[in-house]
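What follows is a short report on a single structure.
The values are calculated or read from the model by the stated rules, or taken from the named source; none is laboratory data. What you are looking at is a predicted structure, and each value in this text was computed from that prediction instead of being measured. Every residue, glycine as well, gets a Cβ built from its backbone with ideal geometry; the counts of neighbours run over all protein chains shown. Heads up: the accessible areas ignore ligands, DNA and RNA and are worked out on the full protein's heavy atoms, side chains in. Shrake-Rupley method; radii C 1.70, N 1.55, O 1.52, S 1.80 Å.
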Amino acid sequence: MNRYLPIWGKITLLCLLSALSLGLVHWGVSFRIHKQENQTFENLLRGWKADTRLGKNLTVGAERVVPSMRFVKSYIPVRGTEGKTELFLVRLFPGGYVNHYQLLAAYTKEGNLVGCMVEKEIVPTVSTYSKPSPALLKVLGKGRWVSRTSGMETLQMESLQREEIDAISGATFTFLSLVEALQEGASFVIRGGKRP
Amino acid sequence: MSFQERMIVKNPVFSLGLGIGPVLALSYRFDTAWVTGVLSLLLILLGKGSVRLVKDAFPSAILWYVRITILTFWIALMEIVFEAYLPGLRDSLGIYLPLLAVNTFILEAIVFGEQGDQNEWYGSLLLGLAYLGTIAFVGAFREIVGSGTLTFIMLPGWTLRYVILGKPLQPIRFFILPAGGLILYGYLKAGFRLMVIRANRGRIEEES
């Protein structure tokens, strides 16, 4: 082998083989990842209608990236049986003091929050151990707080009172940025998925 | 090197100060702690086996680059599989799952530095087991004291968890937070140091 390939060629070959293997594995399990994602969406959308079934009465569209907005990073339109957009799934990056996390929020086209969850976080334990504080319970209208780990609804939210600034679990998960992100998401949806 | 020596005198976490990040960040629950330990052990052995296969094709000067490439491949593979089948665990491990590649790489470098090519499988196995034992111990302690429970495994829709501290005992929640982990690390490090000093003193007295 040393006769035919120089060192850089061998390293390139190794990287190519690794990438190809990873691609094949990802392709092999992608149906499962897709199923997990659909399950997450369904959990979230059950705040709107309890019998929500993706693929039956609702269809999830392709994700669209939203550039140059503070919190809204992308959205996914969810269409009803007639093909009209009924709901929006919005991915938000509220940021934080030391932790960065990604929220997934579901809104009706009128901008009402249906459900909300911490989808991803850089530092674990935030969504695993944090329970929304009493002040946060009043924030999200009739939206539901959904835990991804357990896949179950944990708490019901009441009316929005933005001035009650609090933290869910210390400074790592700031309440203000979360509320601002959800509000930006709502106004984005009210404008029909357009930037201001 | 015996297991006892690796576990106490040359403990990777408390004596050598390696892999502290995952120990502090992922030992808030016992299940994430032991899974991290097992993954580290698995990575050490997989990395070593894979490097053995391609060792002859590369000069020794660039073998470390090959090693890190192979470790990142294995960790990326684990990440994809976890994403598909164990998303809860993937979320619990967070950013520390890909970082295990670097962690394992450094642990491997220590074994290589200590022993060269002599008994490298045994040395790696010992190191992986010592790391697993350490992180599992810290995880069990933090969860019992901090949450009052001991979670063995958490799968979608199924959790094996024992309640250890019931009423009137209250768990000290501070210990499951990163600051609690850091303070516990300090006390354990001091304890390990004390054990090493006492063992050395006893040995010197015996010799004299």
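Using the structure shown, decide if B:Met78 is buried (at least 16 other Cβ atoms within 10 Å of the Cβ), at pLDDT below 85 and of a type in the set (A, V, I, L, M).
It is false that B:Met78 is buried (at least 16 other Cβ atoms within 10 Å of the Cβ), at pLDDT below 85 and of a type in the set (A, V, I, L, M).
Only residues that are away from every other protein chain (no Cβ under 14 Å), under 20 Å from B:Gly21 (Cα atoms) and surrounded by 16 or more Cβ atoms within 10 Å (Cβ to Cβ): list them for region B:159-208, please.
Within region B:159-208, B:Leu184, B:Tyr185, B:Leu188, B:Lys189, B:Phe192 meet the criteria.
Only residues that are more than 9 Å from every other protein chain (Cβ to nearest Cβ) and of a type in the set (Lys, Arg): list them for region A:1-24, please.
A:Arg3
Yes/no per residue for (1) open to solvent by 80 Å² or more (accessible area, probe 1.4 Å); (2) more than 10 Å from chain B (Cβ to nearest Cβ); (3) not aliphatic (A, V, I, L, M):
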| position | (1), (2), (3) |
| --- | --- |
| A:His26 | yes, no, yes |
| A:Lys35 | yes, no, yes |
| A:Leu44 | no, yes, no |
| A:Lys49 | yes, yes, yes |
| A:Thr52 | no, yes, yes |
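Do the conditions hold for B:Leu97, that is, is it within 11 Å of another protein chain (Cβ to nearest Cβ), over 20 Å from B:Leu46 (Cα atoms), in contact (Cβ under 8 Å) with a residue 12 or more places away in the chain and not aromatic (Phe, Trp, Tyr)?
no
Just give me the residues in region B:192-208 being of a type outside the set (D, E, K, R) and without any contact (Cβ under 8 Å) to a residue 12 or more places away in the chain, in sequence order.
B:Leu194, B:Ile197, B:Asn200, B:Gly202, B:Ile204, B:Ser208
Take the residues in region A:54-68 that are among the aliphatic types (A, V, I, L, M) and surrounded by 14 or more Cβ atoms within 10 Å (Cβ to Cβ); name whichever of them is farthest from the other protein chains (Cβ to nearest Cβ).
The selected residue is A:Val66.
Kindly provide the set of residues from region B:35-54 that are within 12 Å of another protein chain (Cβ to nearest Cβ) and open to solvent by 50 Å² or more (accessible area, probe 1.4 Å), ordered by number.
Within region B:35-54, just B:Leu53 meets the criteria.
Which of (1) open to solvent by 10 Å² or more (accessible area, probe 1.4 Å); (2) away from chain A (no Cβ under 14 Å) does B:Pro12 not meet, given it meets every other one?
Of everything listed in (1) open to solvent by 10 Å² or more (accessible area, probe 1.4 Å); (2) away from chain A (no Cβ under 14 Å), B:Pro12 misses just condition (1).
Could you list, in sequence order, the residues of region A:95-123 that are at pLDDT 80 or above and part of a loop (DSSP other than H, G, I, E, B)?
Residues satisfying the conditions are A:Lys109, A:Glu110, A:Gly111, A:Asn112.
For B:Gly94, indicate whether it is modelled with pLDDT of 85 or more and open to solvent by less than 60 Å² (accessible area, probe 1.4 Å).
No: the conditions fail for B:Gly94.
Out of all the residues in region B:97-132, which are over 29 Å from B:Pro178 (Cα atoms), at pLDDT below 80 and assigned to a helix (DSSP H, G or I)?
B:Phe112, B:Gly113, B:Glu114, B:Gln115, B:Glu120
Testing A:Val25 on (1) under 18 Å from A:Thr108 (Cβ atoms); (2) in a helix (DSSP H, G or I), one condition comes back false. Which one is that?
Failing condition for A:Val25: (1).
Under the condition of being within 13 Å of chain A (Cβ to nearest Cβ) and assigned to a helix (DSSP H, G or I), which residue from region B:135-158 is nearest to B:Gly17 (Cα to Cα)?
Among those residues, the one meeting the criterion is B:Gly139.
Do we have A:Thr59 as within 21 Å of A:Asn112 (Cβ to Cβ), among the β-branched types (Val, Ile, Thr) and in a loop (DSSP other than H, G, I, E, B) here?
Against the criterion (within 21 Å of A:Asn112 (Cβ to Cβ), among the β-branched types (Val, Ile, Thr) and in a loop (DSSP other than H, G, I, E, B)), A:Thr59 does not qualify.
Has region B:20-34 got any residue that is open to solvent by 20 Å² or more (accessible area, probe 1.4 Å), under 19 Å from the mean Cα position of the chain (by Cα) and free of Cβ contacts under 8 Å to residues at least 40 places away in the same chain?
Scanning region B:20-34, I find no residue that is open to solvent by 20 Å² or more (accessible area, probe 1.4 Å), under 19 Å from the mean Cα position of the chain (by Cα) and free of Cβ contacts under 8 Å to residues at least 40 places away in the same chain, so the answer is no.
Kindly establish whether B:Leu63 is over 21 Å from A:Ser30 (Cα atoms), of a type outside the set (Ser, Thr, Tyr) and either open to solvent by 50 Å² or more (accessible area, probe 1.4 Å) or away from chain A (no Cβ under 14 Å) (or both).
no
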